[in-house]
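Below: one structure, written as structure tokens.
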Amino acid sequence: MSNWIEVSMRVDGESAEALAEVLQRFGHQGVSLEQDGIPPDTWDEDEVPPAENLILRAYFLDDDDFLGKKRELEIALRHMRLMYPMPTPKYSVVREEDWAEAWKAHYQPLRIGKRLLVRPLWVDVELVRDDIEIALDPGMAFGTGTHPTTQLCLEALETMAIPAMDVLDLGCGSGILAIAAAKLGAGKVLALDIDPIAVRATRENAARNGVAKQIVAEQGSLENVRSSARRFDMVLVNILARIILEMTGHGLSQILRPGGIGIFSGIIDSQVNEVEAGLRRAGLTPIARHKLGDWVLIETRRPPDQTAEE
């Protein structure tokens, strides 16, 4: 088992996106954003109190490269402090087996929408009629369903008519969205992530949920899809707003068939207008917003009779 270094920073909403971008450069498997002091069981839409602070967490493999990455990170933070007050990062060693046990201590079953029930593998839950169960072991991959951005995606999926759709989950993490799409009737799901740990977690969770035949999980990115002939009826993108904006300049809408649906989450409410403008420039039409606390999901459609911008 490997040891990991957790880097955590408690920040306000104004600095969160900029700091997340810095941590993203150096950390493993992306950055976790948590609303400080707000337990998951208060995340129903009408009950979410405004979060004064966010906690950013990133993980570094405790190997020979860590000290170099730490130096680069702290140099970047020093430059940022010239423009805006920045907190001092906290470093702690986490054994991989302890990391997994920490999830087990805090990860509880969660009902989302009308029918979806997300539960950890190690907890038994009595199902009721029409429940659609998603049983997960996230391992070292992000994606448990407890974060508002993932809940927004799951709620959006549940309301859509997706039977027989060809779906792309771009940045699949634990595979939670790919599994939900498959269980809600999608014909085929391609789950992509740049991290091999996430790909492995998605494959294992798909098998546990009985949808391995519907889901193909591979290591890859937007560019891999663009360069292939495959196109989709729906794309799910639950990542940072900055990365969504980068994608809009690299043929994002081209991977959707005309009339296809794009679901984009991981967006703080102050970023919505900028992200929507980027999606429009890419050839996607925003058709709905869904909000949970400070987080927003943007639902888009590629016009059925319009060629997307190259």
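The values are calculated or read from the model by the stated rules, or taken from the named source; none is laboratory data. Computed from a predicted model, the values in this text were never measured in an experiment. Glycine also receives a Cβ, built like all others from the backbone with ideal geometry; neighbour counts cover every protein chain displayed. Only protein heavy atoms, including side chains, enter the accessible area calculation; ligands, DNA and RNA are left aside. Shrake-Rupley method; radii C 1.70, N 1.55, O 1.52, S 1.80 Å.
Each row is one residue, and each column tells you yes or no for (1) surrounded by fewer than 19 Cβ atoms within 10 Å (Cβ to Cβ); (2) within 24 Å of Ala180 (Cα to Cα).
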residue	(1), (2)
Ser221	yes, yes
Arg230	yes, yes
Leu240	no, yes
Leu252	no, yes
Asn273	yes, no
Ala282	no, no
Thr300	no, yes
Asp305	yes, no
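Pairing each residue of the stretch 184-212 that is over 21 Å from Met165 (Cβ atoms) with any residue that is acidic (Asp, Glu) and outside any helix (DSSP H, G or I), provided the two are 6+ apart or on different chains, yields C-beta distances under 8 Å for Val199/Asp193; Val199/Glu218; Ala201/Asp137; Glu204/Asp137; Arg208/Asp137.
Across the stretch 59-87, the qualifying residues are those that are modelled with pLDDT under 85 and of a type in the set (Phe, Trp, Tyr), and the one among them that is most open to solvent (accessible area, probe 1.4 Å) is Tyr84. Any idea which residue in the stretch 145-166 is modelled with the lowest pLDDT, counting only those that are open to solvent by 10 Å² or more (accessible area, probe 1.4 Å) and part of a loop (DSSP other than H, G, I, E, B)? Among those residues, the one meeting the criterion is Thr146.
Residue by residue, here is whether (1) part of a loop (DSSP other than H, G, I, E, B); (2) in contact with a strand residue (DSSP E or B) (Cβ under 6 Å, 6 or more places away or on another chain); (3) touching a residue at least 60 places away in the same chain (Cβ under 8 Å) holds:
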| residue | (1), (2), (3) |
| --- | --- |
| Ala229 | yes, no, no |
| Met234 | no, yes, yes |
| Pro258 | no, no, no |
| Ile263 | no, yes, yes |
| Glu276 | no, yes, no |
| Leu279 | no, yes, no |
| Ile287 | no, yes, no |
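In the stretch 285-295 there is no residue that is under 27 Å from Lys183 (Cβ atoms) and among the hydroxyl-bearing types (Ser, Thr, Tyr).
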